[in-house]
Amino acid sequence: MKYYVTKEALDEMQQELEHLKKDARAEIAERLRRAKEYGDLSENSEYIDAKDAQAKLEAKIFELEEAVRNAVVIKKNRNKETVSIGSTIEVQKNSKVIKYTIVGSEEANPGENLISNESPLGKAFFGKKVGEAVEIETPNGKIRYKILKIE
């Protein structure tokens, strides 16, 4: 599976991965060492908690390694003709003008108008040109957007 990300997001993922592998692993190892000093491991809640934390940490490390390994860096879209990953678009929804940036799913943040290329809205805009309209089916009915500008 490919993960579409900006260069900045890839750098952040790599920094987090490095932190987890070095610092977080060392913290867990220290927790395990201290918990073992309490004796019987079968009823040692500190040891059990540390083992759970270790499992969660290793799962997060695996997930980040997978994302970094399969990352495809999004280059700023030079194509102003059609909407693609990396495009920033202005659209009209009713009388309101909204600006969205199409990003990979790893960076999507609808609150900041960063929409995933895999989301229904991102898929609807993908490949469209200025002047084209798209309709999105929502639980409250259809919403129509008209593309005003592609950057």
Q: Give segment 72-121 a look and list any residue that's closer than 18 Å to LYS149 by Cβ, among the basic types (Lys, Arg) and exposed (fewer than 12 other Cβ atoms within 10 Å of the Cβ), or say none.
A: LYS76, ARG78, LYS96
Q) Within segment 122-149, which residues are surrounded by 20 or more Cβ atoms within 10 Å (Cβ to Cβ) and within 26 Å of LEU10 (Cβ to Cβ)? A) GLY122, PHE125
Q. Which is among the β-branched types (Val, Ile, Thr), out of contact with any Pro (no Cβ under 7 Å at 6 or more places or on another chain) and at pLDDT below 90, of VAL5, VAL83, VAL68?
A. VAL5
Q | Neighbours by Cβ (under 6 Å, 6+ apart or cross-chain): first from segment 120-147, farther than 18 Å from THR88 by Cβ; second among the acidic types (Asp, Glu) and in a strand (DSSP E or B) | A | LYS142/GLU135; ARG144/GLU135
Q: Give just the number: which of (1) part of a loop (DSSP other than H, G, I, E, B); (2) within 30 Å of GLU63 (Cβ to Cβ); (3) not basic (Lys, Arg) does ALA124 not satisfy?
A: (1)
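Check ILE74, ILE48 and return the single one that is among the aliphatic types (A, V, I, L, M) and either in the same structural domain as ASN109 (by TED's automatic domain parsing) or touching a residue at least 40 places away in the same chain (Cβ under 8 Å) (or both).
Numbers: ILE48 fails: either in the same structural domain as ASN109 (by TED's automatic domain parsing) or touching a residue at least 40 places away in the same chain (Cβ under 8 Å) (or both).
Only one candidate qualifies: ILE74.
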Q. Residue check, ASN117 against (1) free of Cβ contacts under 8 Å to residues at least 60 places away in the same chain; (2) closer than 13 Å to ILE85 by Cβ; (3) not acidic (Asp, Glu), all met but one. Which one?
A. (1)
Q. When segment 36-61 is examined, which residues are found to be surrounded by 15 or more Cβ atoms within 10 Å (Cβ to Cβ) and among the β-branched types (Val, Ile, Thr)?
A. ILE61
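The values are calculated or read from the model by the stated rules, or taken from the named source; none is laboratory data. Since this is a predicted model, take the numbers as computed values, not measurements. Neighbour counts are summed over all protein chains in view; Cβ atoms, including those assigned to glycine, are modelled from backbone coordinates with ideal geometry.
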